[in-house]
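What follows is a short report on a single structure.
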Amino acid sequence: MNPDSQPGHIDQIKQTNAGVVYRLIDLHGPISRIELSRRAQLAPASITKIVREMLDAHLVQETEFQDPGSRGRPAIGLILDTEAWHYLAIRLHRGAMTFTLRDLSSRALVEDSLPLPDEAEQPLLTALIQQVDAFFIRHQKKLERLTAIAITLPGLINAASGVVHRLPGYQVRDMPLGDALATRTGLPVFVQHDISAWTLAESLFGASRGAQDVIQIVIDETVGAGVISGGQLLHKSGRALVEIGHTQIDPYGQQCYCGNHGCLETVASTGSLLALAAQRLPAQPDSLLNNQPLTLESLCAAAQAGDRLARDSIASVGHHVGRILAMMVNIFNPQHILIGSPLNSAADVLFPAVSNTILQQSLPAYSAEIQLAPAAFSEPGTLGGAALIKDALYNGHLLVKLLQG
């Protein structure tokens, strides 16, 4: 069938309307049907039909509530019914994986942290499927109605197809992760880059909640960014990561593993930062970093204590990142810029360096009012997966599947 034909268009409208109603109940419940109609800008008859389907599916429930200032009988309002609906959120990162069973309120019910298996033992996809099976067996007494699986991970990913083209540290080539898990479990599977999912989590649960236009940059072993534009994750159905880490800032710089020279990641990743500090340390005999292991924690602590080498090293990262952010500010005109990084423990050094560079190199009309802030979650864990599920309910994609049974 032609996806642009009329039936598909009608189905899309139903999906969107159902998602809007679900989102309003989640954000404002208990809420009356009349108020739902007003906020959703839908006819009362449409609200009645959508709510009836959600009640029948046990996705919402009625409750009495008292309007503020009202002395009459309690009104009948709607709230979500989330406890009996479960999903599995998975996060893969170098050497480890985390499995969290959550309900539709995003509440964590049980969590397991496991080593990420070495591909030398068996194919990574095979091992992952076995671990999902094992998780469900271990916790079968806790399982209610399973709705979906959400997976976040680093690398080169196509969210629409669920294919992982590359995974750092593993010999992954075009791994059909989404399709394989969907076939095995019979559940909808959502796959997304961990930085993009973290950006979405901040917009739904964290520091940028309610903001329409946000840039989030992550400075860690890799450097990447996610963008919220018009309240939506940019390119969320494809390759949502904004690949700033492999933007060239010095054509004569160090060769990056991507093959290019002078990428941002070669000077701004935490590994590059520590390597550069180690090179400079012999020329700084008075540095607090001498005679102790050089780690991110010791570097940030020395910076906080006023150590010149530590402060200069972290400020240099801030200036490099600020140059790229200045260009992004001119393109996206964000309300907020969030930074997620272990370097946030030395934010009084990092943030001014980033902010000053943005102000110097971007349009004043765009940068003057920008709020620069740390991400709410220093370690998002599987909250990125929770955000994918919440977003799929809000846009109606997963919600319609649950209504259909």
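The values are calculated or read from the model by the stated rules, or taken from the named source; none is laboratory data. Source: prediction; values computed, not measured. FYI the Cβ positions are ideal-geometry reconstructions off the backbone, even for glycines, and counts take in every protein chain you see. For accessibility, only protein heavy atoms count, side chains too; no ligands or nucleic acids. Shrake-Rupley method; radii C 1.70, N 1.55, O 1.52, S 1.80 Å.
Things worth noting here:
- Where only C-alpha atoms are counted, convex hull volume of region 52-191 per residue in Å³: 148 Å³
- GNM flexibility winner over the chain from 332, 135, 65 (Cα, springs under 10 Å): 65
- Taking 231, 206, 259 in turn, the Gaussian network model of the chain (Cα-Cα springs below 10 Å) assigns the largest fluctuation to 259.
- Mean shadow area of the chain over all directions, Cα convex hull, nm²: 25.1 nm²
- Using only alpha-carbon positions in region 288-330, the gyration tensor eigenvalues give semi-axes of 27, 9, 7 Å once each is multiplied by 5 and square-rooted (largest first).
- Between residue 125 and residue 187, the contour length at 0.36 nm per residue exceeds the alpha carbon distance by 20.6 nm.
- Counted charge near residue 382, where neighbours are those whose Cβ lies closer than 9 Å (Asp, Glu -1; Lys, Arg +1): +1
- Taking every C-alpha pair closer than 8 Å and separated by at least 6 residues, the mean separation divided by the residue count of the chain gives a relative contact order of 15 percent.
- Each of 204, 104 has its accessible area taken with a 1.4 Å probe; listed largest first, they run 204, 104.
- Positive dipole terminus of region 104-261, leading residue within 256, 117, 137 (C-beta point charges): 137
- Sequentially through region 37-47, phi angles give Karplus couplings (6.51, -1.76, 1.60; θ = phi - 60°) of 4, 5, 6, 7, 6, 10, 4, x, 5, 5, 4 Hz, Gly and Pro residues having no value and appearing as x.
- With R₀ set to 41 Å, the beta-carbon distance separating residue 156 from residue 57 gives a calculated FRET efficiency near 0.65.
- Theoretical ellipticity at 222 nm over the chain - DSSP helices of four or more residues, -39500 (n - 2.57) apiece, nearest 500: -13000 deg cm²/dmol
- Accessible heavy-atom area order of 56, 112, highest first, probe of 1.4 Å: 56, 112
- The dipole here belongs to region 50-183: it is taken about the Cα centre, uses +1 on the Cβ of Lys and Arg and -1 on the Cβ of Asp and Glu, and is about 240 debye.
- Span from the region 75-154 Cα centroid across to the region 7-70 one, whole angstrom: 29 Å
- Taking 16 Å as the straight-line reach from the Cα of residue 401, the lysines in range (excluding those fewer than 8 positions away in the same chain) are 14, 390.
- List 93, 58, ordered by accessible area with a 1.4 Å probe, largest first: 58, 93
- Using a simple spin-label model with pseudo-atoms 7 Å out from Cα toward Cβ, residue 165 and residue 179 lie 1.6 nm apart.
- Restricting attention to region 146-215, close to 50% of DSSP beta bridges with both partner residues there are antiparallel.
- The chain: most fluctuating residue of 217, 337, 76 per GNM, C-alpha cutoff 10 Å: 76
- When both bridge partners sit in region 59-185, DSSP labels roughly 80% of those beta bridges antiparallel.
- Average Cα contact separation per residue, region 294-396, under 8 Å, 6 or more apart, as relative contact order %: 31 percent
- Sites residue 9 and residue 295, calculated FRET efficiency, Cβ-Cβ separation with R0 60 Å, nearest 0.05: 0.60
- Cα centroid separation - region 368-405 against region 230-305, whole Å: 28 Å
- Among beta bridges that DSSP assigns inside the chain, antiparallel share in %, nearest 5: 65 percent
- Residue 142 accessible area, assembled protein chains, probe 1.4 Å, Å²: 110 Å²
- Helix 194-205 axis versus longest C-alpha principal axis of the chain: approximately 50°, rounded to the nearest ten.
- If R0 equals 35 Å, the separation of the Cβ atoms of residue 46 and residue 96 corresponds to a calculated FRET efficiency of about 0.15.
- Computed accessible area, residue 185, all protein chains, 1.4 angstrom probe, square angstrom: 40 Å²
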